[in-house]
Structure formats: C-alpha cells, structure tokens
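Data block below; observations after.
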Amino acid sequence: MRIALMPNLTREKAYGVTIEICSWLDKYGAEYACLDDAYETFSDISNMKHMAFSELISWCDVVITVGGDGSVLNAGKQIVDYKKPILAINAGRLAFMAGLESNELELLKNLIDGNYRLDRRMLIDVKVKRDGKTIIEDSCINDVVLARGQMLKITDIDVDCDGKRSSTYRADGVIVATPTGSSAYSLSAGGPVINPSMEAIVVTPICPQTLFSRSTVFSAENKIEIYCDEKSSNTDLYLSLDGGESINIGLSDRIEITKSEKTAEFIRIKSDAFFEILNKKLLDK
C-alpha cells in the first residue's frame, strides 16, 4: 500500500505522531511519502519519499492526515477530485472526524490489510452571485457561515428554499451545514446533530434575537439561498467556507447552496458508531 502523509505541523503533537506513524508503516511494510516542502522536517526518515502535491496524490492509495478536524477539511478539499480515501489521525483536541487516536497507531495494520470501511460524506456546492454573475464557487465538507463583521449590529438574513422564503433571521449570522458539519460550529450555535451517513442541509441562526428562531433541516435536494435582507441596517457581512478566510459580501450578493455531486471518503478502522464517538469526545473533553 502507498500512503500519502499530510501532517499539520502547526499542531504541537503532529511531528511526533507522524514519526510514530512512519515506524508502524515500516513494520507493516507500507510505502509512504509526504510533500516536498516537508523534506527538511523529515529528512532523517530514510524511507520517506518526497513529492509535489499532484504527484503525491496520484501515486498514493490512501491519504493519512495528522492533526485536528481543520487538517482533515483542508486535505479533503484538496483531494476530493482525486477520489482518494482519507484516514484522519488525531493530533489535535476533539477531532470528531478522526479515524484513529494517536495512541491507537498499532491499528494501522488493519489499514494495510484492508480491514476497514469507507464513510462517504456529502458535500455542498456554494456559489456567490453578484449582479447575476458567479464571483465565487467552491465545495464544502462542513459548513458555510454568513456572519456580521466588525460592526456590533444585529443582522437580518433571508433564507430561501427552492426560490421561496423559508425564514428571516434577526441574528449575528447563519450557518448552513452538511451532516458532517452539524457537529461543528452549527452544534455550538444550538443546531441539531445529524448522522453523517444521512444527506441533508441544516440552517442554524447564530445568536438569534427571538426566542423561537431555531434550526431548519432541509432535504439535500433543496436549493438554499441566503442573503442580507433589504431592511437590514447592518450590511457588514462576511462569508467563510469550511472555516477558511472570510470574504466580504455585498448587499445584493446571493449565496446559493446545493448538494454537490462530489463526495469525500473517510476510512473507519474501528467499529465505534457515530454517536458513541460524539458522546465520548464531548463528555471526556
């Protein structure tokens, strides 16, 4: 088996965990490589190959990320078009998407032997339209967040479903999440947890002003549009895709969100059910 290692070296534990992963992969007879820009970091590992990104992803059978959920999201967005499965190894904190913890690396033998299953997760496609033209287009594994910027004013945000008004939220913003993203920021904002084996789109207001503003769960087949209401006094809005860099959104801009044809594949070696993992991480941390 050929394995691409993608550690997030900004994480304190990631370097040490990656070294330990390499030791186990040597023991199990797997080939492994990482990106060229990590050559100096891992120059002491004699069996480590180094490649440019496109060569690395084409060469490998599996990608192993080392870090937290942000590391998985970043890698997943980069490789989704290559259709390579990801095994996430936790070197962060909660890491709901992790397939293994850093103290479970002996279980990499199951990966090498093919004793694992694949979780296929839906993505959402996002288009930002201005004056009828698409100015931003991307796909997200977790969520789309439209929220106020530096102005400490409440915002009126309209949500349309298939061209018809669903809600107008008076809030700090809204989160549009996949089932995978339902256990991330959306959960912190009071949204429901959705089993990631399902297909749905959940819209959750951030700090809504009214007592009865709650999340709405839509079919994955619906087209969701979010935009600043024309009556809003706060037009200082920013869009973030999967926690990436914020993008200023104009008063007339519309954000269209639909189910993507792309899917991300995550490797599951252990038999833990999703809600077992969720409860353990939330209660133990």
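So the values come out like this:
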quantity	calculated
Linear extension gain, D236 paired with F212, 0.36 nm per residue minus alpha-carbon span	6.2 nm
Full-stretch length increase - N110, E40 - with 0.36 nm per residue and alpha-carbon distance subtracted	22.2 nm
Å³ per residue enclosed by the Cα convex hull of region 123-261	100 Å³
Estimated inter-spin distance, M51 and E31, nm [label 7 Å along Cα→Cβ]	0.8 nm
At most 14 other Cβ within 10 Å, DSSP loop - chymotrypsin sites (Phe, Trp or Tyr not before Pro), region 180-230	F212
The chain: angle of helix 274-284 to the longest principal axis, Cα-based, in degrees nearest 10	90 degrees
Burial ranking of peptide ranges 112-125, 80-93 (average Cβ count within 10 Å, highest at the top)	80-93, 112-125
Cα long-axis angle, helix 69-79 against the chain (0 to 90 degrees, to the nearest 10)	80 degrees
Cα-based helix-to-principal-axis angle, 14-28 vs the chain, degrees rounded to 10	50 degrees
Relative contact order, percent, region 216-272 [alpha-carbon distance under 8 Å, six or more residues apart]	40 percent
Globularity ratio of region 20-172, using Cα Rg and 2.2 N^0.38 Å	1.37
Contour minus Cα-Cα distance for L251 and R120 (0.36 nm per residue)	43.6 nm
Sequence-distant lysines (8 or more away, or on other chains) whose Cα lies within less than 27 Å of K49	K13, K27, K77, K83, K84, K109
Sorted by Cβ density within 10 Å, fewest first, the residues I154, I21	I154, I21
DSSP-defined beta bridges in the chain - what % are antiparallel, rounded to 5	75 percent
Relative contact order %, the chain, counting alpha carbon pairs below 8 Å whose residues are six or more apart	19 percent
Debye equation applied to the C-alpha atoms of the chain, log10 I(q)/I(0) at 0.09, 0.14 Å⁻¹	-0.47, -0.99
Region 181-245 versus region 1-70: alpha-carbon centroid distance in Å	35 Å
Relative contact order of region 123-261, defined on C-alpha pairs under 8 angstrom at six or more residues apart (%)	31 percent
DSSP-defined antiparallel bridges as percent of all bridges, region 34-188, nearest 5	70 percent
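Just so you know, all these numbers are worked out from the coordinates, no wet-lab data involved. Bear in mind that the values here come from a model prediction, so they are computed numbers and not experimental data. Virtual Cβ from ideal backbone geometry, glycine too; neighbours counted across all protein chains shown.
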